[in-house]
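Student: Following this message is one structure expressed as structure tokens.
Each value in this text was obtained by applying a stated rule to the coordinates, not by laboratory testing. Since this is a predicted model, take the numbers as computed values, not measurements. Using ideal geometry, Cβ is built from the backbone for each residue, glycine included, and neighbour counts are taken over all protein chains shown.
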Amino acid sequence: MDPADIAILTGQAKDRFEATGYLIHALSDRWKTMGLRVTVLGTPAFVPARLLIPHIDATVRPADYEAFLNRYALVLNRGVTDVSKSGLSENLISRDSAHSGPVIVKTNRNYGGLPERRAGDASGRRSLARRLLSRWKALSGASPSGVAWDRVEWLETSSYPVFRNLREVPRGVFENPHLVVERFTPEMEGDLYCVRYAYVFGRREITLRLKSRRPVIRGANAEACEEVEGSPELAPWRRRLGLDYGKIDFVVRGGQPVLLDVNPTPAATTLARHGFTGRVVDHLSGGLDEFLAPAPPSP
């Protein structure tokens with residue numbers, strides 16, 4: 001049997017993978033229309049393929065996948081093994097920092113720690129922290145009370161709390177290895193907060209800027225989304241991370257780009273909400289040519 005052109009290793013049950021709105025689904029559909037053979041592997045079961053794309057939705061890729069990846073000559077994101085904020089963020093600060101401005105509390109794990117929670121690595125119960133933060137997030141200038149911050153393992157990303165200064169941050173936050181504290185460095189346009197999402201595949205890059213009245217921006221609370229010029233910092237960031245495919249979140253503050261987050265398994269929900277799925281897929285799908293020569297026409 002001829003090898004597949006692309007194998008996607010998910011580490012997930014097929015129904016869970018298919019039910020999640022990943023960007024890789026739309027890219028796979030496009031590659032199939034181009035005549036490429038794409039197969040999805042839920043477990044490390046070897047299938048011959050010209051290219052392997054690890055799509056493990058976890059902050060730290062389990063070490064036991066590495067031997068499997070080594071069976072393939074060509075692997076995207078081979079070096080992207082850990083995207084925790086403690087290793088990537090340029091804004092991390094400690095309780096003893098001299099920083100006097102606003103700060104934001106996030107999970108060290110990617111995407112609020114939710115992928116690990118879904119996989120059973122954290123508690124599956126609806127936590128007290130989530131209930132309190134959901135009620136509190138619409139308020140401004142108030143500190144959430146009653147949260148056992150030293151035991152919080154995950155947060156909704158739209159509920160990352162922003163504090164006016166370090167003194168307001170509960171002590172338990174600094175005692176919790178699941179949480180990090182960063183300088184809050186928003187990009188502003190008038191009274192709107194902005195964040196930039198750079199979607200990348202091979203040499204292809206496309207950057208969108210979302211605008212919201214809320215300081216913690218998600219696709220659901222963004223009032224506008226536009227395509228903007230990319231940043232020259234994307235290339236050195238990607239080289240340092242070894243990122244062939246994924247999404248980089250950043251802001252431009254005082255003319256300087258500031259890295260916020262990296263996701264090697266980006267979702268397409270924000271793109272769909274703002275009508276950019278087709279544009280991003282059109283642009284990124286051609287990045288495959290860097291790794292695979294175009295498939296010959298069928299006889």
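Student: When only DSSP loop residues count, what chymotrypsin sites (Phe, Trp or Tyr not before Pro) in segment 19-90 have their Cβ near at most 14 other Cβ atoms within 10 Å?
Tutor: On the way: sites: Y22, W31, F46, Y65, F68, Y72; in loops: F46, Y72.
Sites meeting the loop and neighbour criteria: F46.
Student: Skipping prolines and chain starts, which residues have an amide H placed within reach, meaning under 5 Å, of the one on D82, given they are 5 or more residues away or on another chain?
Tutor: Here the answer is R61, since their amide H atoms fall under 5 Å of that of D82.
Student: Projected onto the charge dipole of segment 4-80 (+1 at Lys/Arg Cβ, -1 at Asp/Glu Cβ, origin at the Cα centre), which of F46, T33, G21 gives the Cα projection farthest towards the positive end?
Tutor: In segment 4-80, that residue is T33.
Student: Quick one: Kirkwood hydrodynamic radius for segment 26-65, alpha-carbon pairs, angstrom, one decimal? All intermediate terms of the calculation are to be shown ahead of the outcome.
Tutor: Numbers: mean 1/r = 0.0833 Å⁻¹.
Across segment 26-65, the inverse of the average 1/r is 12.0 Å.
Student: Now for a different question. Apply the Karplus parameterisation 6.51 cos²θ - 1.76 cosθ + 1.60, with θ equal to phi minus 60°, to every residue of segment 99-106 and state each ³J(HN,Hα) to the nearest whole Hz, in sequence, with x for glycine and proline.
Tutor: Once rounded to whole Hz, the list reads 4, 10, x, x, 9, 10, 9, 10.
Student: Quick one: 3J(HN,Hα) in Hz for segment 247-258, Karplus 6.51/-1.76/1.60 with θ = phi - 60°, rounded, Gly and Pro as x.
Tutor: So the J values, rounded to whole Hz, are 9, 10, 9, 7, 10, 10, 10, x, x, 10, x, 10.
Student: Can you compute 3J(HN,Hα) from phi for each residue in segment 51-68, using the Karplus curve 6.51 cos²θ - 1.76 cosθ + 1.60 with θ = phi - 60°, rounded to whole Hz and x for Gly and Pro?
Tutor: Running phi through 6.51 cos²θ - 1.76 cosθ + 1.60 with θ = phi - 60° gives 9, 10, 10, x, 10, 8, 7, 8, 5, 10, 6, x, 5, 6, 7, 5, 4, 5 Hz.
Student: Also, quick follow-up: Taking H placed 1.01 Å from N in the peptide plane, check which residues at least 5 places from Y22 or on another chain put their amide H under 5 Å from its amide H.
Tutor: Long-range HN contacts for Y22: A268.
Student: From zero outward in steps of 5 Å, how is the percent of C-alpha pairs of the chain spread across the bins?
Tutor: Result returned by the calculation: 1, 5, 11, 15, 17, 17, 13, 9, 6, 3, 2, 1, 0, 0.
Student: List the lysines whose Cα sits under 27 Å from the Cα of K14, skipping any in the same chain fewer than 8 residues away.
Tutor: Hits, sequence-local ones excluded: K32, K247.
Student: Order by neighbour count: E226, E156, fewest other Cβ atoms within 10 Å first, most last. Please report the intermediate quantities before stating the final value.
Tutor: Numbers: E226 12, E156 18.
Result, fewest neighbours first: E226, E156.
Student: Compare the Cα positions of Y245, S285, L208 along the charge dipole of segment 187-288 (+1 at Cβ of Lys, Arg; -1 at Cβ of Asp, Glu; about the Cα centre) and return the one farthest towards the positive end.
Tutor: Checking the options against the dipole of segment 187-288, the answer is Y245.
Student: Over the residues of segment 72-120, compute the C-alpha Rg and express it relative to 2.2 N^0.38 Å. Display every interim value, and only then the final one.
Tutor: Details: Rg = 15.3 Å, N = 49, 2.2 N^0.38 = 9.7 Å.
The reported ratio for this selection is 1.59.
Student: Moving on to the next point. In the Gaussian network model of the chain, springs joining C-alpha atoms below 10 Å, which of R214, R203, R118 carries the largest mean-square fluctuation?
Tutor: Looking only at R214, R203, R118, the biggest GNM fluctuation is shown by R118.
Student: Would you mind listing how long segment 177-246 runs along its three principal axes, going by Cα atoms, in whole Å with the largest first?
Tutor: Sorted from largest, the Cα extents of segment 177-246 read 36, 34, 20 Å.
Student: Let me ask another. For q values of 0.11, 0.14, 0.20, 0.24 Å⁻¹, compute log₁₀ I(q)/I(0) with the Debye formula on a Cα-only model of segment 187-288, without solvent.
Tutor: Rounded to two decimals, the profile gives -0.30, -0.49, -1.02, -1.43.
Student: Please list the non-local residues whose amide H lies under 5 Å from the amide H of H55, H modeled 1.01 Å from N, same-chain partners needing a gap of 5 or more.
Tutor: The list, which skips near neighbours in sequence, is L9, T10.
Student: Let me see the P(r) profile for segment 4-80: every Cα-Cα distance counted, bins of 5 Å, each bin given as a percent of all pairs.
Tutor: Going out from 0 Å in 5 Å bins, segment 4-80 shows 3, 15, 29, 26, 20, 7, 1 percent.
Student: Now a separate question. Given R₀ = 35 Å, FRET efficiency for T33-D64 by Cβ-Cβ distance, to 0.05?
Tutor: Values: r = 35 Å, r/R0 = 0.99.
Given R0 = 35 Å and the Cβ-Cβ separation, E is 0.50.
Student: Please report the spacing between the Cα centers of segment 8-36 and segment 147-191 in Å, no decimals.
Tutor: 33
Student: Pick out, from V105, G79, A7, the residue whose Cα sits farthest towards the positive end of the charge dipole of the chain, with +1 on the Cβ of Lys and Arg and -1 on the Cβ of Asp and Glu.
Tutor: Working it through, the farthest residue towards the positive pole turns out to be V105.
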